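The values are calculated or read from the model by the stated rules, or taken from the named source; none is laboratory data. Remember, it's a predicted structure, so these values are computed and weren't measured experimentally. Here Cβ is always computed from backbone atoms with ideal geometry, including for glycine, and neighbour counts include all displayed protein chains.
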Amino acid sequence: MRSMSTLTRADLADAINRKVGLSRSESLTMVESILDHLSEALAGGENVKISGFGTFLLRDKSERIGRNPKTGVEVPITPRRVLTFRASQMLKEHIAGA
C-alpha cells in the first residue's frame, strides 16, 4: 500500500538547505520566489514548462450545456480557464520505475 504524504514548501526548502548549503531562511525565500514567479506567469496567461518535469498548460473552455445527474435538468456551464499538467516523459519513466 502507498504512503499518502504531502510534499510541502518547507520540505522543498529543507532539501535546498541540505543539498546547496543555503540557510533555511534563504532556502525558503528561494522556494517562495520560484512559486511566485510560476504563479505570476500562469496568471498572466503563459504556459510554464519545466524541462524534465512537465508543463503547466492553460486551457480556455467555452460555455456549454451540462446536465444535473439527479434531476436531468439542463444547466449552462459558464466559460472558464482551467489549469492542466502534462508530465514529461522523464517524469513518467521515473514514476513507473518507483
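With the requirement that a residue be within 19 Å of ILE50 (Cβ to Cβ) and either surrounded by fewer than 15 Cβ atoms within 10 Å (Cβ to Cβ) or charged (D, E, K, R) (or both), what does segment 17-35 give you? Steps first, answer last, please.
Taking segment 17-35 as the starting set, the residues that turn out to be within 19 Å of ILE50 (Cβ to Cβ) are 19-20, 27, 30-35.
Answer for segment 17-35, where residues must be within 19 Å of ILE50 (Cβ to Cβ) and either surrounded by fewer than 15 Cβ atoms within 10 Å (Cβ to Cβ) or charged (D, E, K, R) (or both): LYS19, VAL20, GLU32, SER33, ILE34, LEU35.
Can you name the residue in segment 1-57 that is more than 18 Å from LEU83 (Cβ to Cβ) and basic (Lys, Arg) and is also modelled with the lowest pLDDT among such residues? Lay out the reasoning, then the answer.
Taking segment 1-57 as the starting set, the residues that turn out to be more than 18 Å from LEU83 (Cβ to Cβ) are 1-33, 51-52.
Keeping just the survivors that are basic (Lys, Arg) gives 2, 9, 18-19, 24.
Working: ARG2: 55, ARG9: 95, ARG18: 95, LYS19: 95, ARG24: 93.
Within segment 1-57, the match that is modelled with the lowest pLDDT is ARG2.
Would you please list the contacts, defined by Cβ atoms under 7 Å and residues six or more apart or on different chains, that run from a residue in segment 44-69 that is under 18 Å from SER88 (Cβ atoms) and not assigned by TED's automatic domain parsing to the domain that holds SER88 to a residue that is surrounded by 10 or more Cβ atoms within 10 Å (Cβ to Cβ) and charged (D, E, K, R)?
Final answer for the pair search is none.
Which pairs have Cβ atoms under 9 Å, sit 6 or more apart or on different chains, and link a residue in segment 1-23 that is of a type in the set (Phe, Trp, Tyr) and part of a helix (DSSP H, G or I) to one that is modelled with pLDDT of 95 or more and surrounded by 12 or more Cβ atoms within 10 Å (Cβ to Cβ)?
none
I'd like the residue in segment 40-98 that is in a loop (DSSP other than H, G, I, E, B) and of a type in the set (Asp, Glu) and, out of all such residues, is surrounded by the most Cβ atoms within 10 Å (Cβ to Cβ).
Going through segment 40-98, the residues in a loop (DSSP other than H, G, I, E, B) turn out to be 44-47, 51-53, 62-63, 68-73, 78-79, 88, 97-98.
Subset that is of a type in the set (Asp, Glu): 46, 63.
Values: GLU46: 12, GLU63: 9.
Checking each candidate, the answer is GLU46.
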